[in-house]
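The values are calculated or read from the model by the stated rules, or taken from the named source; none is laboratory data. Because the structure is predicted, anything quoted here is derived from the model rather than measured. So basically every Cβ, Gly included, is an ideal-geometry build from the backbone, and we count neighbours across all protein chains shown. With ligands, DNA and RNA removed, areas are computed over all heavy atoms of the protein, side chains included. Shrake-Rupley method; radii C 1.70, N 1.55, O 1.52, S 1.80 Å.
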Amino acid sequence: MTGPLPGGALTGYALVTGASAGLGASFVRRLAAEGRNLILVARDAERLEALAAQLRERYPIDVEVLPANLGTEDGCDTVAARISAEDKPVDTLVNNAGFGLYQAFGNAALERELQMLDLNVRAVLVLSRAAAAAMAARGRGEIINVSSVAGFLPRGRAATYAASKAWVTAFSEGIAALLKVKGVRVTVICPGFTHTEFHARAKADMSGTPSFLWLDADRVVADGLADARAGKVISVPSKRYRAIVALVKLLPRPLVARLMAGR
Ligand SMILES: NC(=O)c1ccc[n+]([C@@H]2O[C@H](COP(=O)([O-])OP(=O)(O)OC[C@H]3O[C@@H](n4cnc5c(N)ncnc54)[C@H](OP(=O)(O)O)[C@@H]3O)[C@@H](O)[C@H]2O)c1
């Protein structure tokens, strides 16, 4: 599918979660350059305000700042309410906020693992549900969920993170066909290692990761949005990672699990 969606072009607001840093900030800058009005969501209100001020100065767009902790029910409800609003409708939802823990299963505090599921899974479910209802009623819209190549892999050191992303990918693929007939496009973007704040926040030692495995955040976003607009449901940015995912699917699963046990 190319060009505008059935039901009209997407001219309404684009709401991006995790907009204050990394891939989310890249999404926001690109959508702003395309002339889209924006709603920026993350916890750090000061950072969001600073980014919004830069964007307003540079582009003739409206930028709303909506600070929220999406790891909480209140935070999700606040953002879901904005997505459901009929005034200044949201045509694009980018579920991007997420974090990882690079500790062997059982070593990270259970509380942190549960917080990760709240953000990486629960928030994606709550916001996608609100968006699907509002967008289907208007017959137009798009939901872009940021998953990970990790979601294709069984991992020992990041088991809960990988499983949370497997959920995001499977969930997005599942609802894509259902919502397409209602004029709503769903794409799940699965990046590999990307230069952002993600690994520093996870306190991950990435010194052994070869340089060819690192992606640029702006490139990931450009490729992901191009795939979304081409009607792809699953987007794996870069040839390198498409080759890795293809290989993982060919290899016997027990072998993959053994190779990934310590990763
Ligand atoms: N970087 C990679 O290598 C990589 C690879 C594959 C997939 N991904 C995925 O890409 C997405 C974006 O990650 P990134 O790499 O851009 O990481 P990042 O640079 O650490 O940015 C994470 C963003 O999420 C926000 N956030 C964190 N916790 C939040 C919460 N409880 N409520 C609301 N917002 C919250 C952060 O802002 P505040 O701290 O202000 O809330 C920040 O804006 C994630 O879903 C991640 O799993 C990343």
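The Kirkwood radius of the range 1-93, taken over pairs of alpha-carbon atoms, gives through the Stokes-Einstein law at 10 °C and 1.306 mPa s a diffusion coefficient of 117 µm² s⁻¹. Multiplying the residue separation of Lys239 and Ala222 by 0.36 nm and subtracting their alpha-carbon distance yields 4.7 nm.
Tilt of helix 217-229 relative to the longest C-alpha principal axis of the chain, in degrees (0 to 90, nearest 10)? Taking the Cα atoms of the chain, the angle to 217-229 is about 60 degrees.
Each Cα pair under 8 Å and six or more residues apart adds its sequence gap; the mean of these over the residue count of the chain is a relative contact order of 20 percent.
Can you tally the net charge around Gly183? Count Lys and Arg as +1, Asp and Glu as -1, for every other residue whose Cβ sits under 14 Å from the Cβ of Gly183. Write down the numbers at each step before the final one.
On the way: positive: Arg138, Arg140, Lys180, Lys182, Arg185; negative: Asp91, Glu142.
Residues near Gly183 contribute +3 overall.
Count Lys and Arg as plus one, Asp and Glu as minus one, and take only other residues whose Cβ is under 11 Å from that of Ala21; the net charge is then +1.
Assuming 1.002 mPa s and 20 °C, estimate D for the range 177-263 with Stokes-Einstein, Rh taken as the Kirkwood radius over Cα pairs, in µm²/s. Please report the intermediate quantities before stating the final value.
Working: Rh = 15.1 Å.
Result for D is 142 µm²/s.
Rounding to the nearest 10 and keeping the result within 0 to 90°, find how far the Cα-based axis of helix 73-84 lies from the longest principal axis of the chain. Orientation of helix 73-84: about 40 degrees from the principal axis. Across all Cα atoms of the range 87-166, the radius of gyration (one decimal) and Dmax (whole number) stand at 15.0, 46 Å. Phe105 contributes about 150 Å² of solvent-accessible surface, heavy atoms of the protein only, 1.4 Å probe. For the range 52-158, applying the loop criterion from DSSP together with a ceiling of 11 other beta carbons within 10 Å to the GluC sites (Glu not before Pro) yields Glu86. Between the range 14-78 and the range 98-163, the alpha-carbon centres lie 19 Å apart.
The value given for the range 121-220 is a Kirkwood hydrodynamic radius of 14.9 Å, derived from the mean inverse Cα-Cα separation.
Helix-only estimate, please: 222 nm mean residue ellipticity of the chain, summing -39500 (n - 2.57) across DSSP H runs of length 4 or more and dividing by its residues, to the nearest 500.
Numbers: 10 runs with 121 residues, N = 263.
Roughly -14500 deg cm²/dmol at 222 nm, from the helical runs in the chain.
Can you give the accessible area per residue of the range 32-116, in Å², using a 1.4 Å probe? Write down the numbers at each step before the final one.
Values: 4380 Å² over 85 residues.
Counting only protein heavy atoms, the per-residue value for the range 32-116 is 52 Å².
Within the full protein context, the accessible area of Lys180 is estimated at about 120 Å² for a probe radius of 1.4 Å. Principal-axis analysis of the Cα atoms of the chain puts helix 123-138 at an angle of about 40° to the longest axis. Normalised by 2.2 N^0.38 Å, where N is the number of residues, the C-alpha radius of gyration of the chain stands at 0.97.
Using the Kirkwood radius built from alpha carbon pairs, what does the Stokes-Einstein equation give as D for the range 37-186 at 4 °C and 1.567 mPa s, in µm² per second? Can you show the working numbers first?
On the way: Rh = 16.4 Å.
D, rounded to a whole number, is 79 µm²/s.
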